[in-house]
1. Can we say Thr117 is outside any helix (DSSP H, G or I), surrounded by 13 or more Cβ atoms within 10 Å (Cβ to Cβ) and touching a strand residue (DSSP E or B) at 6+ places or on another chain (Cβ under 8 Å)?
2. Out of the residues in the range 113-160 that are of a type in the set (A, V, I, L, M), over 17 Å from Pro215 (Cα atoms) and at pLDDT below 80, which is nearest to the chain's Cα centre (by Cα)?
3. Please work out which residue is modelled with the highest pLDDT, limiting yourself to the range 54-103 and to residues that are more than 13 Å from Val44 (Cα to Cα), among the polar types (S, T, N, Q) and not in a helix (DSSP H, G or I).
4. Across the range 53-80, which residue is surrounded by the fewest Cβ atoms within 10 Å (Cβ to Cβ) among those that are among the acidic types (Asp, Glu) and touching a residue at least 12 places away in the same chain (Cβ under 8 Å)?
5. For the range 176-224, what are the residues that are within 14 Å of Ala139 (Cβ to Cβ), assigned to a strand (DSSP E or B) and among the hydrophobic types (A, V, I, L, M, F, W, C)?
6. Just to check your reading of the model, which residue among Glu182, Glu164 is touching a strand residue (DSSP E or B) at 6+ places or on another chain (Cβ under 9 Å) and surrounded by fewer than 19 Cβ atoms within 10 Å (Cβ to Cβ)?
Amino acid sequence: MTQWSSPLTRARLGRAVLALALAVLPACRPRKGRSPTLLRDAHVAALRADDPAAAYALLAPEVRATTSFEEFAARWKADQAEHQAALEAAEQLPPALAEPIHGGTTIHPGGHVLHWTQAGDRLLVTAGLPGRPDTSTPAQTIRAFVTAVRTAQLAGVRALLGDELLEAVDEDWGARVDAIEEALREPGALDLSADLRRAELRYEPGRVLTLEQTPQGWRITGLR
């Protein structure tokens, strides 16, 4: 399969777009104002107007059910500086990145679901093939990563480590994936950039997992 890449904005946009994170795009049903482009533009308009009510209305029902408007408004007020950073990044968005990467799903015999992404005039399968993890969303990519770490066959590596180091490595990675999985359960845990092409999950103080969207799906590009 041809490798595709896109120039992605590197500016960290902070928690200003926390309201659009994890549950918004996967959870919403098809309806007016819920396409990635319209959703992004509506949120930028809410930031520009300093209108928390408009931003709150963009949340998926699942998020609103666990976050009251009062809580959201208080968070909105506390994040004014990061809102400005998000606005500046949105205004600097290159024309080539103005449109989202489009895709879809197809259901096949046996209940198998394939996820497709448009790349130019071609359609590429990004998830659903046997042996391929689901990387259609940041959350699914992180879950696939956690599963891969827990089920990894590291016999060759283990044979090269002393007992103390082996125990330390096991404890470190075990604790890390546990923390990542726990952080992912929190509503709004993922921070999405204004162009919806970059995501961050902060899972421990000073530790962050970074993802970027590609035509082949989301990819983890940073882990510290």
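The values are calculated or read from the model by the stated rules, or taken from the named source; none is laboratory data. Owing to the predicted nature of the structure, the values given are computational and were not obtained by experimental measurement. As a convention, Cβ positions derive from the backbone with ideal geometry for all residues, glycine included, and neighbour counts pool all protein chains shown.
1. Judged against the criteria, Thr117 is a match.
2. Among residues in the range 113-160 that are of a type in the set (A, V, I, L, M), over 17 Å from Pro215 (Cα atoms) and at pLDDT below 80, the one nearest to the chain's Cα centre (by Cα) is Val113.
3. Here the residue is Ser68.
4. Let us first name the residues in the range 53-80 that are among the acidic types (Asp, Glu), namely 62, 70-71, 79.
If we keep only those that are touching a residue at least 12 places away in the same chain (Cβ under 8 Å) too, we end up with 62, 79.
Details: Glu62: 15, Asp79: 19.
Ranking the qualifying residues of the range 53-80, first place goes to Glu62.
5. Leu190, Leu192, Ala199, Leu201, Leu209, Leu211, Trp218, Ile220
6. Result: Glu182 is the single residue among Glu182, Glu164 that is touching a strand residue (DSSP E or B) at 6+ places or on another chain (Cβ under 9 Å) and surrounded by fewer than 19 Cβ atoms within 10 Å (Cβ to Cβ).
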